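The values are calculated or read from the model by the stated rules, or taken from the named source; none is laboratory data. Every value quoted in this text rests on a predicted model; they were computed, and no experiment measured them. Heads up, the Cβs are rebuilt from the backbone with ideal geometry, glycines too, and the neighbour counts pull from every protein chain shown. SASA here: full protein model, heavy atoms, side chains in, ligands and nucleic acids out. Shrake-Rupley method; radii C 1.70, N 1.55, O 1.52, S 1.80 Å.
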Amino acid sequence: FYVMLIMLTCGGTFGLMIISNAKGLALNMAGVSMSTATLFVSVLCLFNTAGRLVAGTLSDKLGRINTLVCALVIALAGLGALLLCNNNGSIVLFAIGLMLIGVCFGTFMGVFPGFCADQFGTKNNTVNYGIMWIGFSLAGIVGPMVLSTIYANAGSYQGAFLIAIAIAVVGLICSVLYRKMVKK
């Protein structure tokens, strides 16, 4: 349970970090107009939705944990793209990073209910997943707060993206721990 909770928190933290500030990120990092920044928010939402739909199907074929590991790797690529375009106005890198984070976040939100049911059974899944949702709640506080605090103090998002990358690595470590625990 605790390893899964930490994984959900990791996936939610960098996802909510980007989603909650997508318009501001587009304005500050990609240097786009307000209307283009709004368009980027819509694109992020579309990729979030696509991630949920595609990941649900993939997780039935590849397995829940394998799909979540793929999402974490995708998140690392997306965060890397955002890190590279930080304050240099690269619209292409920004768009790639935003789309990859959207897919990853959607994957976590689409796969985790089934992951929880697989692990603890379907009988009490609504209660179990509700308790698991504590991780998402923590992510909703931590992710946006880290991004806004670092930007306010440094005038750059780079430190926040580095922290998000570290959080994604913690998620990958949790996936290894989960696999070891399941084997026992």
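Inspect all residues belonging to the range 74-82 and state whether any of them is more than 19 Å from Met7 (Cβ to Cβ) and of a type in the set (A, V, I, L, M). Reasoning before the result, please.
Residues of the range 74-82 that are more than 19 Å from Met7 (Cβ to Cβ), as a first pass: 80-82.
Narrowing the set further to residues that are of a type in the set (A, V, I, L, M) leaves 81-82.
Among the residues of the range 74-82, at least one is more than 19 Å from Met7 (Cβ to Cβ) and of a type in the set (A, V, I, L, M), which makes the answer yes.
Kindly indicate which of Gly121, Gly155 is at pLDDT below 95, more than 17 Å from the chain's Cα centre (by Cα) and open to solvent by 30 Å² or more (accessible area, probe 1.4 Å).
Among Gly121, Gly155, only Gly155 is at pLDDT below 95, more than 17 Å from the chain's Cα centre (by Cα) and open to solvent by 30 Å² or more (accessible area, probe 1.4 Å).
Does the range 54-91 hold any residues that are part of a loop (DSSP other than H, G, I, E, B) and either aromatic (Phe, Trp, Tyr) or farther than 25 Å from Ile173 by Cα (or both), and which are they?
Scanning the range 54-91 gives Asn86, Asn87, Asn88, Gly89, Ser90.
Does Ala30 satisfy being in contact (Cβ under 8 Å) with a residue 60 or more places away in the chain, crowded, with 21+ Cβ neighbours inside 10 Å and over 21 Å from Ile173 (Cβ atoms)?
yes
Let's see how each residue does on (1) touching a Leu at 6+ places or on another chain (Cβ under 8 Å); (2) hydroxyl-bearing (Ser, Thr, Tyr):
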| site | (1), (2) |
| --- | --- |
| Phe1 | no, no |
| Gly11 | yes, no |
| Ile19 | yes, no |
| Met29 | yes, no |
| Arg64 | no, no |
| Thr67 | yes, yes |
| Leu72 | yes, no |
| Ala77 | yes, no |
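Pull up the range 96-118, narrow it to residues that are modelled with pLDDT of 95 or more and open to solvent by 20 Å² or more (accessible area, probe 1.4 Å), then point me to the one that is farthest from Ala30 (Cα to Cα).
Result: Val103.
Can you tell me which residue within the range 18-27, out of those that are part of a helix (DSSP H, G or I) and farther than 23 Å from Cys116 by Cβ, is most open to solvent (accessible area, probe 1.4 Å)?
My answer is Lys23.
Any idea which residue in the range 38-48 is nearest to Gly102 (Cα to Cα), counting only those that are open to solvent by 30 Å² or more (accessible area, probe 1.4 Å) and not hydrophobic (A, V, I, L, M, F, W, C)?
Taking the range 38-48 first, the residues open to solvent by 30 Å² or more (accessible area, probe 1.4 Å) are 38-39, 41-43, 45-47.
Filter again for not hydrophobic (A, V, I, L, M, F, W, C), leaving 38, 42.
Working: Thr38: 15, Ser42: 10 Å.
Among those residues, the one meeting the criterion is Ser42.
Which residue pairs have Cβ atoms closer than 6 Å, lie 6 or more positions apart in sequence or on different chains, and pair a first residue in the range 39-53 that is under 14 Å from Ile18 (Cβ atoms) and in a helix (DSSP H, G or I) with a second residue that is open to solvent by 40 Å² or more (accessible area, probe 1.4 Å) and not charged (D, E, K, R)?
Pairs that qualify, where the first residue is under 14 Å from Ile18 (Cβ atoms) and in a helix (DSSP H, G or I) and the partner is open to solvent by 40 Å² or more (accessible area, probe 1.4 Å) and not charged (D, E, K, R), are Phe47/Met99.
Applying the selection to the range 49-85, what residues are within 12 Å of the chain's Cα centre (by Cα), surrounded by 22 or more Cβ atoms within 10 Å (Cβ to Cβ) and either modelled with pLDDT under 95 or over 16 Å from Arg179 (Cβ atoms) (or both)?
Gly51, Ala75, Gly78, Leu79
Take the range 140-152 and flag every residue that is under 22 Å from Leu100 (Cα atoms) and either aromatic (Phe, Trp, Tyr) or open to solvent by 40 Å² or more (accessible area, probe 1.4 Å) (or both).
Ile141, Val142, Met145, Ser148, Tyr151
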